[in-house]
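Values in this text are rule-based calculations from the coordinates and carry no lab data. These figures come from a predicted structure and were not determined experimentally. Every residue, glycine as well, gets a Cβ built from its backbone with ideal geometry; the counts of neighbours run over all protein chains shown.
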Amino acid sequence: MKFYPEHYKIPDERQKPFIDALEIETFLNEAVSTKEEVLRIIAKSLDKNRLSMPEVAVLLNTEDPELVELIKQGAKELKKKVYGNRIVLFAPLYVGNLCSNNCKYCGFKSSNAAAVRKTLSDTELVNNVKALEQNGQKRLILVYGEHKTYSPEFIASNVKTVYGVKTGNGEIRRVNINAAPLEVEGFRTVKESGIGTYQVFQETYHPEAYKAYHPSGRKADYHYRLTSLDRAQEAGLDDVGIGVLFGLYDWRFEVMGLVRHTNHLEACYNVGPHTISFPRLTDAADFKVDPQYRVNDNDFTKIIAILRLAVPYTGMILTAREPKHIRTEVLQYGCSQIDAGTKLEMGAYSDKKEKVTQNLNKEQFLINDERSLAEVIDELLDTDFLPSFCTACYRKGRTGEHFMEFSVPGFIKRFCTPNAILTLSEYIMDYAGMETASKGWKVIEKNIVQLIDPTLEEEVRQRIGKIKAGERDLYF
């Protein structure tokens, strides 16, 4: 395998390959799980210390049901300490599915002749954003196939278009990106458009498995993809997201890969990934994968709990690939962001039909949670979570190393809980039905009285009063 394109030169030591498969396999083979060791590791994480690779390997090798339950309870306690009970909401918006890669597991693959290819025009993009705003969405992730059409300039133009759409009190305040790896200048162009997080998922960290699943296209170059977020950092884009597609290789190896990637970013740039995503493989058109690596529900819930303990301050994203019952369970163990009201077909949000039927020839994969944003918010309120549309940190410059300065000591809750309360207040005033509004105000009041600072509590109440009087976009 060619590690780098011929024109690409490594600018410094930081962007050299950093995944050593033998090292990871050695950690996994040598880790011995005992009750004493598992308890020690959980206690270390509850003190808000990131775990070492050997410690993560111990948790991954834990099979005793009693110890697995202790891991889950530890993750639940840690999540509450760091994030409180808030859950950040967003929606994915697929802009185009042209793709030059031929990934065996993906419906967008270049060899899929049955795929209905489409790229949203500016008018279609605006119409879909309006539809999302009318439902109350404030945060989007724009998703693209990997194709020369979707250049940094094209993506930047889309971002500016999205930010310019206002529908009543509705507006998109944060646009994240999931697209192809870029060169340093490309990342710089996209950053200047005002994006939030740029996501590049490695899919699988195992080099040989990666090669088997990605036979052609730019994505076939494992190491070029692996170091993509180093180039983002070189461009000054310090808000990045990593992820794998669980089901392509041994899930224990993939968790270790995510932790190793986190270590690398922190060591080189003093900031880890803002988010980690862990989608599970779901059916797609012309689907060709090895079924032995499919991840069952029990292992998946354990994965999420272990990741939360391993990286206490990293946001964790759970997608609508997962069915409702799994989403409901694992929100307790560490997930801090979920999508809601998700539609994957290009242009589907502006479709006037109440429900758009999923079509594998028009979508990247199937989703298993088709609930609307309103339905998801309703359940979050019923289960005592605090729905949030907050975007304050990104607009106040609390990203990258600055974000770590706030989050690592645990002070971020001072900002996040009040801002979650304010954004939920906006949602209630602008979009909620009477029953949801009633539940929402009760959850808000419960969270206000739990604020430890009386001055902050009074300021939050004053700002809610301003929101009720018609002001919007108030944040700390």
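Expressed in nm², what is the orientationally averaged projection area of the convex hull enclosing the Cα positions of segment 70-117?
Averaged projected hull area, Cα only: 6.2 nm².
Regarding segment 1-154, what is the average projected area of its C-alpha convex hull, in nm²?
15.1 nm²
Points 7 angstrom from Cα along the Cβ direction at residue 22 and residue 151: gap in nanometres?
Result for the modelled spin labels: 4.4 nm.
Test of understanding: ordering 229, 22, 46 by Cβ neighbours within 10 Å, fewest first, what list do you get?
Arranged by neighbour count, lowest to highest, 229, 22, 46 become 22, 46, 229.
Semi-axes of the equivalent ellipsoid for segment 409-468, please: Cα gyration tensor eigenvalues, times 5, square-rooted, ordered largest first, whole Å.
Values for segment 409-468, descending: 21, 11, 10 Å.
Ranked by Cβ crowding within 10 angstrom, fewest neighbours first, how are 123, 197 ordered?
Placing the least packed residue first, the sequence is 123, 197.
Any idea what log10 I(q)/I(0) is at q = 0.19, 0.20 Å⁻¹ for segment 186-281, Debye with uniform C-alpha scatterers and no solvent?
Here the Debye-derived log intensity ratios amount to -0.91, -0.99.
Given the convex hull of the Cα atoms of segment 77-207, what is a quarter of its surface area in nm²?
10.7 nm²
Based on Cβ point charges of +1 for Lys and Arg and -1 for Asp and Glu, what charge dipole magnitude is obtained for the chain about its Cα centre, in debye rounded to the nearest 20?
With Lys and Arg at +1 and Asp and Glu at -1, about 980 debye.
What is the packing order of peptides 78-90, 24-36, taking the mean over residues of other C-beta atoms within 10 Å and listing the highest first?
Descending packing order for the listed peptides: 78-90, 24-36.
Out of all DSSP beta bridges with both ends in the chain, state the antiparallel percent to the nearest 5.
Here the share of antiparallel DSSP bridges comes out near 10 percent.
Report relative contact order for segment 148-272 in percent, whole number only (criteria: Cα-Cα under 8 Å, sequence separation at least 6).
Over segment 148-272, the number comes to 25 percent.
Compute the Kirkwood hydrodynamic radius of the chain, taking the inverse of the mean of 1/r over all pairs of distinct Cα atoms, and give it in Å to one decimal.
The answer is 22.8 Å.
For the chain, give me every cysteine whose Cβ has no other Cys Cβ within less than 4.7 Å, ordered by residue number.
99, 268, 335, 390, 393, 416, each lacking another Cys Cβ under 4.7 Å.
At R0 = 51 Å, how high is the FRET efficiency between residue 69 and residue 184 if r is their beta carbon distance? Nearest 0.05 is fine.
0.65
Among 441, 251, which comes first, then next, by fewest other beta-carbon atoms within 10 Å?
Sorted ascending by nearby Cβ count, the order is 441, 251.
Could you sort out which of 130/468; 16/219; 138/302; 44/396; 439/468; 138/446 sit more than 21 Å apart by Cα distance in this structure?
Violating the 21 Å limit, Cα to Cα: 130/468; 138/302; 44/396; 138/446.
Can you tell me how much longer the chain between residue 37 and residue 267 gets when fully stretched, taken as 0.36 nm per residue apart minus their C-alpha distance, in nm with one decimal?
That works out to 80.2 nm of additional length.
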